[in-house]
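> Quick one: structure below, then a few questions.
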Amino acid sequence: LYAPELCQYGCGKYYYRYILPVHEQDECPNRPLHVIIESSQTNKKKLTELEVKYQEQEVLLSDCKTEVDTLKKNMQELKEKYKMEIREKEEQQQKMSEMEQELSVLQACTDFTAGKVPQWLIPVSHYYFPPFIRVMNSFSKYKKASSTWYSPPFQTQPDGYKLQLQVVADGSGHGKGTHVSVRVHLMKGENDAKLEWPFKGQIVVRLLNWREDKHYIEKVINFSDDDPLQSCSRVIEGEEASIGLGYDRFVSHADLDHSPEENTEYLCDDMLCFQVYKITLQSGPEVPSWYITPVSASPYLL
């Protein structure tokens, strides 16, 4: 089997027995004409078989491409459906938050009729431009869960920047466990394309006193060139800026309860009452004079 043998057609070359038939049929220059014809027919037959297999593979590949395109289309449709469901869920959550806010306002009106709420905290109407009030309900629940309360969105002025108040009842950063933290986040708004960026201005936030119309806690939240761009740039991805500005130590937990000496009580019936009192812009359109509220007006009046 492994001994070299001489080609029978007289070319003078030796091959091992298992290779010799291939040489004599396809390679030997002295092979007879009938061998050449037979080899050509065999090769032609093999070529035809290969062409048929190639065509079958092309059909199979085309079918696979069609299936892949169908799967890609189905996947894209599922992604769009998922995004739509997420948007609908976020819209529902936003509507629920706004309904809870409206409910708290109505509850405040009801409590006022029973003599529970002071007159300066009662809304005559509800607006989304400063000055206005946002009531945080279930303070103890948020504090125990170390979770964040999100106010309904508001605007600096008609066709202005969209913002949101975020309150961490148990504190964050340097105020963790000892203070209430308050921050303002920019949000993606309907008018962003017409506004100047980055956002610059001062936002005056107050925590109101349930006992009387004074001794409120007031902080100024400043958006300037010195702040991180993520906090004051236009929101492109998501619904809100990744970084908000405010105070880790807006108010101490110890100062929330009733103080007879100061006649203050900031936490009443598990509620905090925040007022976005004033917004002064250094970017974007000027605040129209027709809706600026006199300082003596009710927090809910424009």
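> Looking at 82, 54 in this structure, which one is over 30 Å from residue 238 (Cα atoms) and aromatic (Phe, Trp, Tyr)?
Result: 54 is the single residue among 82, 54 that is over 30 Å from residue 238 (Cα atoms) and aromatic (Phe, Trp, Tyr).
> What tally of residues in the stretch 127-157 results from selecting those that are open to solvent by 40 Å² or more (accessible area, probe 1.4 Å) and modelled with pLDDT under 90?
Within the stretch 127-157, residues that are open to solvent by 40 Å² or more (accessible area, probe 1.4 Å) and modelled with pLDDT under 90 number 3.
> Looking at the stretch 27-46, is at least one residue hydroxyl-bearing (Ser, Thr, Tyr), free of Cβ contacts under 8 Å to residues at least 60 places away in the same chain and part of a loop (DSSP other than H, G, I, E, B)?
no
> I need a count of the residues in the stretch 195-215 that are more than 22 Å from the chain's Cα centre (by Cα), surrounded by fewer than 18 Cβ atoms within 10 Å (Cβ to Cβ) and outside any strand (DSSP E or B).
7
> Oh, and also: Could you check, for the stretch 223-244, whether at least one of its residues is on the phi > 0 side of the Ramachandran plot and either open to solvent by less than 40 Å² (accessible area, probe 1.4 Å) or outside any strand (DSSP E or B) (or both)?
Yes, that holds for at least one residue.
> Could you please find all residues in the stretch 158-178 being touching a residue at least 40 places away in the same chain (Cβ under 8 Å) and outside any loop (DSSP other than H, G, I, E, B)?
Passing the criteria: 163, 164, 165, 166, 167, 173, 174, 175.
> Filter the stretch 235-271 down to the residues that are touching a Leu at 6+ places or on another chain (Cβ under 6 Å) and small (Gly, Ala, Ser) and list them by number.
Across the stretch 235-271, the qualifying residue is only 241.
Condition check ((1) open to solvent by less than 100 Å² (accessible area, probe 1.4 Å); (2) at pLDDT 85 or above) across all residues:
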residue	(1), (2)
18	no, no
27	no, no
33	no, no
50	no, yes
59	yes, yes
66	yes, yes
70	yes, yes
74	yes, yes
80	yes, yes
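> Only one of (1) closer than 15 Å to residue 130 by Cβ; (2) at pLDDT 95 or above is not met by residue 247, so which one is it?
Residue 247 satisfies all of (1) closer than 15 Å to residue 130 by Cβ; (2) at pLDDT 95 or above except (1).
The values are calculated or read from the model by the stated rules, or taken from the named source; none is laboratory data. Treat the numbers as computed from the prediction; the structure is a model and nothing was measured. Neighbour counts run over all protein chains shown; Cβ positions are idealised from the backbone, glycine included. Each accessible area value is taken on the protein alone, full model and side chains, heavy atoms only, with ligands, DNA and RNA left out. Shrake-Rupley method; radii C 1.70, N 1.55, O 1.52, S 1.80 Å.
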